[in-house]
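All of the numbers you see were taken from the coordinates with simple rules; none came from a lab. All values derive from a computational prediction rather than experimental measurement. With ideal geometry, Cβ positions are generated from the backbone for all residues, glycine too; neighbour counts draw on all protein chains shown.
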Amino acid sequence: MMEGAPRPGPQRGRFFDDFAVGDVYEHWPGRTITDADNIQFSLLTMNRHPLHCDAHYAAQSEFGRPLVNSGLTLAIVLGMTVDDVSFNAIANLGWREIALIAPVFPGDTIYACSEVMETRASRSRPGQGIVTTRTEAFKHCGTVFMTFTRACLVPSRSEVRA
């Protein structure tokens with residue numbers, strides 16, 4: 001039996017020094033969204049819109065079936081980016097230009113990729129920098145359904161070793 005705090009494993013994720021404008025990260029694996037995911041997330045977040053949790057109602061809509069809650073798709077896509085973009089981040093600084101381009105339905109498998117748009121050293125926090133990425137999310141058929149831009153504060157490698 002081990003005593004004390006667990007020893008850290010191998011370092012994961014990127015540090016500020018590891019990002020370069022133009023880098024593209026293909027986030028893997030994808031994620032198939034189920035009816036249960038959609039209903040549970042919708043009800044957990046108190047989004048009772050019947051397009052997400054009433055199949056009969058949704059069948060009569062222009063979509064002909066339930067839609068996946070866009071909050072769920074945003075949360076999953078954001079989560080898919082963590083290993084490549086923000087695993088070592090100190091803080092997310094914000095999201096902007098979130099565009100919902102196409103519907104997502106239960107049973108769709110979604111994927112994402114991110115491009116580094118900007119990096120800059122923090123003016124107020126030495127040893128840290130701001131990384132801005134643009135993420136594009138697409139369904140298994142290739143249809144882009146969401147894009148967003150995100151900025152996060154990431155330490156430099158030297159800051160972590162200090």
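Some points to look at:
- Highest mean packing first, where packing is the average number of other Cβ atoms within 10 Å per residue, the peptides 115-125, 79-89, 38-48 line up as 79-89, 38-48, 115-125.
- In the chain, the longest principal axis of the Cα atoms and the axis of helix 35-44 are about 70 degrees apart.
- Using the Cβ-Cβ distance between Leu43 and Val21 with R0 set to 35 Å, the FRET efficiency from 1/(1 + (r/R0)^6) comes to roughly 0.25.
- Note on segment 16-161: with charges restricted to the Cβ of Lys and Arg (+1) and Asp and Glu (-1), its dipole about the Cα centre is near 420 debye.
- Positive-end extreme of charge dipole, the chain - chosen from Asn88, Met117, Ala137 (charges on Cβ): Asn88
- Correct choice for Kirkwood radius over Cα pairs in Å that was computed from the model, options (1) 15.4; (2) 17.5; (3) 16.1: (2)
- Spatial offset of segment 64-78 relative to segment 104-124 amounts to 16 Å, using the alpha carbon center of each.
- Sites listed here are GluC sites (Glu not before Pro) in segment 1-103 whose DSSP assignment is loop and whose Cβ has at most 16 other Cβ atoms within 10 Å: Glu3, Glu62.
- Estimated [θ] at 222 nm from DSSP helical runs (n ≥ 4, -39500 (n - 2.57)) normalised by residues in the chain, nearest 500: -5500 deg cm²/dmol
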